[in-house]
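Peer 1: Structure provided below as structure tokens; questions to follow.
The values are calculated or read from the model by the stated rules, or taken from the named source; none is laboratory data. Just so it is clear, the model here is predicted, and its values are computed rather than measured. Here Cβ is always computed from backbone atoms with ideal geometry, including for glycine, and neighbour counts include all displayed protein chains.
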Amino acid sequence: MSSENGFNESPNHFMVLDAISRGMKKIDSISKVTKLSKDEVELIVNDLKNQKLISMEIKRGFFGNKKTEVHITDTGLKMLNSKKQELSYKSQRLQQIYETGDSRQMQSMMDDNRSWMPMMLFSGIMSMVMFGSMMAFMGMAMNPAESAQTEGQVDESGSAAEDTGTASDTGASDTGDTGGFSDMDASGMDAGGFDSF
């Protein structure tokens, strides 16, 4: 694995690997949840396959058409978990520095780890609320990759469900429904209490 060193420094490779570990099997669904282009996902999937971190399985569809599915290998899962553990430590360290209010140290640590922020957000290692607070504290704007990860996501777990309704491996699917009636039309309802009896 001569390119392992380069891979180990590629947040997008780990995001794709993480999506696959959560049960995303098709390029389209991986592209959708990671918010990376389909072409980029295809290149990354080929890299991961060449490094034996994922396997590809070609299945025949109902009408004879071929479907390619990707699955994470044991080696890929070990590498992903190792990277997540490393990023979790960095996230905790960032949070400690944030709580002390040391903006200079915070700026330095953020600059050193900025390329990994989209992966941390995607994986749920760092909550979007905490990340937003840190960015506001330093007066910094999010880059396009960071804002893509925070866009449209309401939960902090980093889990994403495919449109097919299958949940990620966290065991729950967040539909974004708060259970409220904010979009209900109540114009014809009497809100006057019991006097209408």
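Peer 1: Would you be able to tell me the number of residues in the stretch 19-40 that are under 17 Å from residue 150 (Cα atoms) and in contact with a helix residue (DSSP H, G or I) (Cβ under 7 Å, 6 or more places away or on another chain)?
Peer 2: Count: 8.
Peer 1: Okay, moving on. Tell me, yes or no, whether the stretch 189-197 has at least one residue that is in a loop (DSSP other than H, G, I, E, B), among the aliphatic types (A, V, I, L, M), modelled with pLDDT under 50 and farther than 30 Å from residue 9 by Cα. Steps first, answer last, please.
Peer 2: If we filter the stretch 189-197 for residues that are in a loop (DSSP other than H, G, I, E, B), which is where we start, we get 189-192, 197.
After this cut, where a residue has to be among the aliphatic types (A, V, I, L, M) as well, the list is 189, 191.
Filter again for modelled with pLDDT under 50, leaving 189, 191.
In the following step, the residues that additionally are farther than 30 Å from residue 9 by Cα were identified as 189, 191.
Checked against the condition, which is being in a loop (DSSP other than H, G, I, E, B), among the aliphatic types (A, V, I, L, M), modelled with pLDDT under 50 and farther than 30 Å from residue 9 by Cα, the stretch 189-197 yields at least one hit.
Peer 1: Quick check on the stretch 68-77. Is at least one of its residues touching a helix residue (DSSP H, G or I) at 6+ places or on another chain (Cβ under 8 Å), of a type outside the set (Phe, Trp, Tyr) and part of a helix (DSSP H, G or I)?
Peer 2: yes
Peer 1: Only residues in the stretch 46-58 that are in a helix (DSSP H, G or I) count as the first member; pair them with residues that are loosely packed, with under 14 Cβ neighbours inside 10 Å and not polar (S, T, N, Q), Cβ under 7 angstrom, at least 6 apart or cross-chain, and list the lot.
Peer 2: So the pair list comes out as 49/56.
Peer 1: If the requirement is being modelled with pLDDT of 95 or more and closer than 26 Å to residue 151 by Cβ, which of these qualifies: 80, 121, 94?
Peer 2: The conditions single out 80.
Peer 1: Would you tally the residues in the stretch 114-150 being assigned to a loop (DSSP other than H, G, I, E, B) and either without any contact (Cβ under 8 Å) to a residue 24 or more places away in the chain or within 25 Å of residue 21 (Cα to Cα) (or both)?
Peer 2: First, pick out the residues of the stretch 114-150 that are assigned to a loop (DSSP other than H, G, I, E, B): 124-127, 139-143.
Add one more test, that the residue is either without any contact (Cβ under 8 Å) to a residue 24 or more places away in the chain or within 25 Å of residue 21 (Cα to Cα) (or both), and what stays is 124-127, 139, 141-142.
Total satisfying the criteria: 7.
Peer 1: Now for a different question. Starting from residues that are over 26 Å from residue 127 (Cβ atoms) and touching a residue at least 40 places away in the same chain (Cβ under 8 Å), keep the ones in the stretch 62-98 and report whichever is surrounded by the most Cβ atoms within 10 Å (Cβ to Cβ).
Peer 2: Initial filter on the stretch 62-98 (over 26 Å from residue 127 (Cβ atoms)): 62-71, 73-75.
So of that shortlist, the ones also touching a residue at least 40 places away in the same chain (Cβ under 8 Å) come out as 67-71.
Working: 67: 12, 68: 12, 69: 14, 70: 21, 71: 13.
Here the residue is 70.
Peer 1: In addition: Within the stretch 52-71, track down each residue that is hydrophobic (A, V, I, L, M, F, W, C) and touching a Ser or Thr at 6+ places or on another chain (Cβ under 8 Å). Please lay out each step first, then the result.
Peer 2: From the stretch 52-71, those hydrophobic (A, V, I, L, M, F, W, C) are 53-54, 56, 58, 62-63, 70; that's our starting set.
Once the filter is applied, which keeps residues that are hydrophobic (A, V, I, L, M, F, W, C) and touching a Ser or Thr at 6+ places or on another chain (Cβ under 8 Å), the stretch 52-71 yields 53, 54, 56, 58, 70.
Peer 1: With the requirement that a residue be in a helix (DSSP H, G or I), in contact (Cβ under 8 Å) with a residue 24 or more places away in the chain and surrounded by fewer than 23 Cβ atoms within 10 Å (Cβ to Cβ), what does the stretch 5-32 give you?
Peer 2: Passing the criteria: 7, 8, 11, 12, 21, 27, 29, 32.
Peer 1: Something else about it: Going by what's in this entry, would residue 87 be described as in contact with a helix residue (DSSP H, G or I) (Cβ under 7 Å, 6 or more places away or on another chain) and either outside any helix (DSSP H, G or I) or closer than 21 Å to residue 25 by Cβ (or both)?
Peer 2: Judged against the criteria, residue 87 is not a match.
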